[in-house]
Every structure is written in C-alpha cells, then in structure tokens.
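Reading through the structure tokens given below for one structure.
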Amino acid sequence: MEDFFMQKIYRKLLFDLDNTLVDDDENRRYAITQILIERKEKVTTKKIESFIKIDNQFWKNRAEGKIKDPYPFKNNAEKTKWIRAQRFLNFFNDISFEDGVEINQKYINYLNKNIVPIKNAQKILQYLYQKQYEIYIITNGP
C-alpha cells in the first residue's frame, strides 16, 4: 500500500491566496491605516488591531452561520455589498450603511496597492513551476 502512495504524483496544486501566498494581515493593516488617515482619525496600533480582530471575528461568525442575511437579496452583488459593509459598521459605530459601502470600496482599493508576499512563497512557486507542476491560486476575497 505504501508503494501506491509513493508512486502517486500530484501535478496540479492549489494555493490559497490569503495568508498562504500573501500576508493578508499586513495588507489589512495598511488598508485600515489609510482609511483612518482619510477619516482624519488618530492611527494607533490598538485601533488597527481592533479592526483586524473585528474583521476576523465577523468572517468566522459568518462562516459558522451566526450572521444571517437580514432579508433575501436581489442578487449576489447586493449581498456582497451588505456583507462587506458590516465590518465597517461594526468598527466605526457612527456611520451609515452607505458610508460602510463606500469605505469598503476604498479599503479594497488600498488592499490592492500594498500586497505583501509571504516570505519565500515566490521561491516555492518558482521551484514548483520549474518542476512543471500546474499551479492554481484560489481565494474567496476581493
């Protein structure tokens, strides 16, 4: 039986993007810092880490079914808009839903401006590519 597994060679590899190839936490720290600066709020490590904690807990609760959709959405775009605005509504406390949607869009733009790779991820991908593996990157993030 062991010989069977030793002979089996996988040629297609899937890599998650967030916190596997890209340091999602560092990207989020950068993005929320830029949002705080735009809003002319004091930027502190405590405030930044508070957002990261709220964001992580939100997505965990959502995955566990603890956060339900408030109503049947017309389409996925409307649902996505509602979901992504919630973390900012939870963090800022004093903003409207429309503000949460706008902040989310700016936040996503900032995420795309400061992509921090995980150390050695590129070397590993280059090695696998040279060995002729098919490499696929997957993510559920924007």
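The values are calculated or read from the model by the stated rules, or taken from the named source; none is laboratory data. Note that this is a predicted model, so its numbers are computed, not measured. We place every Cβ from the backbone using ideal geometry, glycine too, and count neighbours over all the protein chains shown. All accessible areas refer to the heavy atoms of the entire protein, side chains included, with ligands and DNA or RNA removed. Shrake-Rupley method; radii C 1.70, N 1.55, O 1.52, S 1.80 Å.
Structure values in brief
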read-out: Label-point separation in nm, Val43 to Asp69, each point 7 Å along Cα→Cβ; value: 3.7 nm
read-out: When segment 53-106 is reduced to its Cα atoms, the Kirkwood hydrodynamic radius in Å; value: 11.5 Å
read-out: Within the accessible area of the chain (1.4 Å probe), percent carbon and sulfur; value: 52 percent
read-out: Per-bin percent of Cα-Cα distances, segment 1-99 [5 Å]; value: 2, 10, 15, 19, 16, 12, 8, 5, 4, 5, 3, 2, 0
read-out: Listed residue pairs exceeding 30 Å between alpha carbons, taken from Lys79/Lys123; Lys12/Lys53; Lys47/Lys119; value: Lys79/Lys123; Lys12/Lys53
read-out: Asn61/Glu102 FRET efficiency (R0 22 Å; Cβ-Cβ; nearest 0.05); value: 0.40
read-out: Accessible surface, per residue, of the chain when the full set of protein chains is kept, probe 1.4 Å, Å²; value: 72 Å²
read-out: On Cα atoms only, tilt of 97-113 relative to the major axis of the chain in degrees; value: 40 degrees
